[in-house]
Amino acid sequence: MRHFCRVLFGVFGIAAVVVAAGCSKEENSSDQFQNQQQVQASSDTSGQSVPPIKVTLAGADTTAVKRSLHLPPWEDTIFTDFATIKHANFVLHYPATHQHADQMIPAAEGYKTALAKVSEMLGMPEPTDTIHVYALTGPGQGRIMSGQPFPFGDSQAVYYWPNYSRGPSLMQHLLYKFFGGRSKHEIMNHGLIALFDFGGTNYHATTLEFLREGKFIPLVKLVEDTLMNSTIERYQSAEAGSFVAFLLAFHGTTGVKAIYDAPLPFAYAVQSNFKIGVDSLQREWITFIERTVGPIDTTMSVPPHEQVAPIQVKPK
């Protein structure tokens, strides 16, 4: 299964979390497309004061100030003066004065490569319809033009600005391309986004560390954790990324799609598709992690889920 590892290396210039056993960080590569720096949202420095409009974008209530949601972004006059470049089925829209205007062609090529690799990993046909990417200059313009504090993707387009990894916003959009929308099971949404964030972290190893340190959130609680947010944390979503990677390697594309498309509750989805309970699925997951990363220290027991409260802050 080592090919599962190789297909994610070099995309956006850095390795993504591994799905199968035997992957190592030595397979990383780098290029100009990936900006590894992760930063917190900065305050809007535009100086403009516009009455906010309460809207819904990318599945969450946010505040937008200019973006019209009555039109697809490519028909919105706010983007009229943007330059565009096209590569394969990607169209990048950007201000002509963008600080990285001379890198838009390599960026489009990187997006196309990423799409092909995600498709290969998921074992699903590569989408061929047009994918629009709006490359904004930074958090200030991002907030004004998209109404979001972080880069994101919705059903219509990808909105990206420096200095964030490009993977999460692309994958947010690709949930609509590959699955037709977001899952009712947030563990599947955030797990896929984390899995393909191209951030260079092995989330199986991270989850194993949580197990060793007693910080592991049991699956029965993780699926109900309302603080899971792959945009701003890698605690709950790190476990979710490991879980989805396990599903993909152990149950294949069919298993991932079955859970993704299943109605609530999660226990019903598991029982109806795999004929086992959530606790049994967790044991399969942990066993897979042990075989992938290494055995859990036998001097430290994994507490049963009924004795573990979910930890609601990112561990140090």
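Can you compute log10 of I(q)/I(0) for region 186-307 with the Debye formula, treating each Cα as one identical point scatterer, at q = 0.14, 0.21, 0.22 Å⁻¹?
Rounded to two decimals, the profile gives -0.54, -1.30, -1.44.
Please find the FRET efficiency linking residue 213 to residue 116, where r is the Cβ-Cβ separation and R0 is fixed at 41 Å, and quote it to the nearest 0.05.
For residue 213 and residue 116, the calculated efficiency is 0.65.
For a footprinting-style exposure proxy, rank 285, 74 by other Cβ within 10 Å, fewest first.
74, 285
Out of residues 5 or more away from residue 90 or on other chains, whose amide H comes under 5 Å of its own, with H placed 1.01 Å from N in the peptide plane?
For residue 90, the qualifying residues are 131.
Among 230, 155, rank each residue by its count of other Cβ atoms within 10 Å, from fewest to most, as a rough exposure measure.
In increasing order of surrounding Cβ atoms, one gets 155, 230.
Around residue 136, which amide H atoms from residues at least 5 apart in sequence, or from another chain, sit under 5 Å from its own amide H, with H modelled in the peptide plane?
The answer is 160, 161.
When only Cα pairs under 8 Å and 6 or more residues apart are kept, what is the percent relative contact order across region 186-307?
Reported as a whole number, the value is 34 percent.
For 145, 121, what's the fewest-to-most ordering of other Cβ within 10 Å of each Cβ?
121, 145
Each reported figure results from applying straightforward, stated rules to the coordinates on display, with no laboratory input. It should be emphasised that the depicted structure is a prediction, and the values quoted were computed from it without experimental measurement. As a convention, Cβ positions derive from the backbone with ideal geometry for all residues, glycine included, and neighbour counts pool all protein chains shown.
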